[in-house]
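These notes are about the structure you will find just below.
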Amino acid sequence: MVYNIGILGMGTVGTGTVEILLNPTGRHPLLTSIKIKKIGVRSLDKPRKITLPPGVITTDLEAIVTDPEIDIIVELLGGIEPARSLILQAIAAGKHIVTANKAVIARYGDEIYTAANAAKVYVLIEGAVGGGIPVIEPLKQSLGANRISSVMGIVNGTTNYILTKMTTQGTAFNQVLSEAQSLGYAEADPTADVEGLDAADKIAILSSLAFNRRVKREEIFTEGITKIDSVDINYAAKLGFVIKLLAIAQAGDTPNQLQVRVHPTLVPHNHPLANINDVYNAIVVEGDPIGQVMFFGPGAGSGPTASAVVADLLNIVGVLFSSGKTEVLDPLLSCSHQEYCEIMPTEAISTRFYARFLTQDVPGVIGELGTCFGKHNVSLESVVQTGCQDNVAEIVVITHKVKEGDFQQAVQEIQQRTAIIKMPSIFRVL
Ligand code: HSE
């Protein structure tokens, strides 16, 4: 039996996917049942890294998604449109979908999975989060016996690379970003990565799978890495932390509530995520009864992401192979939740904070800070003043776990004090 696929997009991941499919020797034997019927591209003239079978390449993407001979569409265009419309058209035409498009799934998952369930087709997304790291299928299947309490990770390689270089070389954000762009690690427009938007798309997907609820992407609190100063990286190191961009989803106060957020975080040196460096990704899942499990590996790139895409193809082909055209979707592969969760407002979340103050070097300043924090139920874990220059003292505090709303009120009050010159940075602490 041979299953025909149509691939939309022949960029980095598309090329990696075709390379695997055209060279099945030594890989899973089911790969020989997959035939590339069409590849849709924007331009036929663009030079390609690989030689494609004759007659395969076309610019008519709509013809691919409606081709009656194609069983599975692999969407690797990226971006929202035309990817979303083509996926919906393909589903309407009864095709299964494999996509690595986290932006579309995070924003239009409801529309896409509702259509897919009605049409009895699969939409598999292993490549959308963590590149080559198998994490989607483990959350859907292998960890299904667990009550998940937390999913958190480093899910953006570009920002992890930038933070690693800032930490190890002491280089400023803008300089590392330029270097990362010239090496091809960062996009020419780095906004989605450095502002945390890509990580927010990914945690929307992970949290939805881990907690069996739909998550509204626009409700996810998102803060990127552009305001991280080397001064804070150095203080963090002295205090036993490393700064990482974490995407976090945790159970909330009630069964339908979740905390979902993306922000720079001071991670203790002994935490498993503290040692994930360069472009690598890692996701730590906590559940009952498994405890803690970490998925680690290459979070992006042609080969790794193609590995995930082809794994999804194998899953669909495996189901089709064993049961023919299915009337009922395999619940382990399809999306079975429809309810939305309630995302907790950030003010209600409890976490530790790091804050750096520039103050006048006068008697009683540290006392004043302590009094303001205490008035708002913010208890301090440590207070550090390393010196002073030109009568300006630099004071760094780390709080105990406190309600974010209480911390923000204390900060507002502190900023009114005449002895406080500036509050350059506030970060959350794991
Ligand atoms: N831009 C992403 C990253 C890779 O830097 O991790 C694709 O998800």
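Here are some notes:
- Between Cys388 and Glu81, the C-beta separation translates, for a Förster distance of 56 Å, into a calculated FRET efficiency of about 0.55.
- Positive-pole candidate from Asn146, Gln181, Ile20, dipole of the chain, charges at beta carbon: Ile20
- Ordered from largest to smallest accessible area (heavy atoms of protein chains, 1.4 Å probe), the residues Asp232, Asp406, Asp253 come out as Asp253, Asp406, Asp232.
- Rounded to the nearest 0.05, the FRET efficiency derived from the C-beta distance between Asn275 and Glu339 at R0 = 60 Å is 0.95.
- Relative contact order %, the chain, counting alpha carbon pairs below 8 Å whose residues are six or more apart: 17 percent
- Met344 - accessible surface, heavy atoms, 1.4 Å probe, Å² rounded to 10: 10 Å²
- Calculated FRET efficiency for the pair Arg27/Thr371, C-beta based, R₀ 56 Å, to 0.05: 0.30
- Between Glu347 and Lys216, the simple spin-label model (points 7 angstrom out along Cα→Cβ) gives 1.7 nm.
- Accessible area of Thr346 in the full protein assembly, 1.4 Å probe (Å², nearest 10): 30 Å²
- The chain: calculated mean residue ellipticity at 222 nm from DSSP helix runs of at least 4, using -39500 (n - 2.57): -10000 deg cm²/dmol
- For Thr114, the solvent-accessible surface with a 1.4 Å probe is about 80 Å², rounded to the nearest 10.
- Largest accessible area first, the residues Arg84, Arg27 order themselves as Arg27, Arg84 under a 1.4 Å probe with ligands, DNA and RNA left out.
- Average accessible surface for the chain: 43 Å² per residue, computed with a 1.4 Å probe over protein heavy atoms with every protein chain in place.
- For the set Thr371, Thr59, Thr25, Thr99, the ranking by accessible area, highest first and with no ligand, DNA or RNA atoms included, is Thr25, Thr371, Thr59, Thr99 under a 1.4 Å probe.
- Here, P(r) means the percent of Cα pairs in each 10 Å bin from 0 to the largest distance; for region 347-429 it is 19, 57, 22, 2.
- Within the chain, antiparallel bridges make up roughly 70 percent of the DSSP beta bridges whose residues both belong there.
- The chain - Debye-derived log10 I(q)/I(0), Cα point model, q = 0.06 Å⁻¹: -0.29
- Set of lysines with alpha-carbon distance to Lys227 below 27 Å, sequence-local pairs under 8 removed: Lys102, Lys165, Lys202, Lys216, Lys238, Lys244, Lys401, Lys403, Lys422
- Heavy-atom surface analysis with a 1.4 Å probe gives the chain a carbon and sulfur content of 51 percent of its accessible area.
- Rough spin-label spacing in nm, given labels placed 7 Å along Cα→Cβ, for Gln292 and Val2: 5.0 nm
- Estimated inter-spin distance, Asp253 and Ser230, nm [label 7 Å along Cα→Cβ]: 4.3 nm
The values are calculated or read from the model by the stated rules, or taken from the named source; none is laboratory data. Owing to the predicted nature of the structure, the values given are computational and were not obtained by experimental measurement. Reconstructed Cβ throughout: ideal geometry from the backbone, glycine too, with neighbour counts over all protein chains shown. With ligands, DNA and RNA removed, areas are computed over all heavy atoms of the protein, side chains included. Shrake-Rupley method; radii C 1.70, N 1.55, O 1.52, S 1.80 Å.
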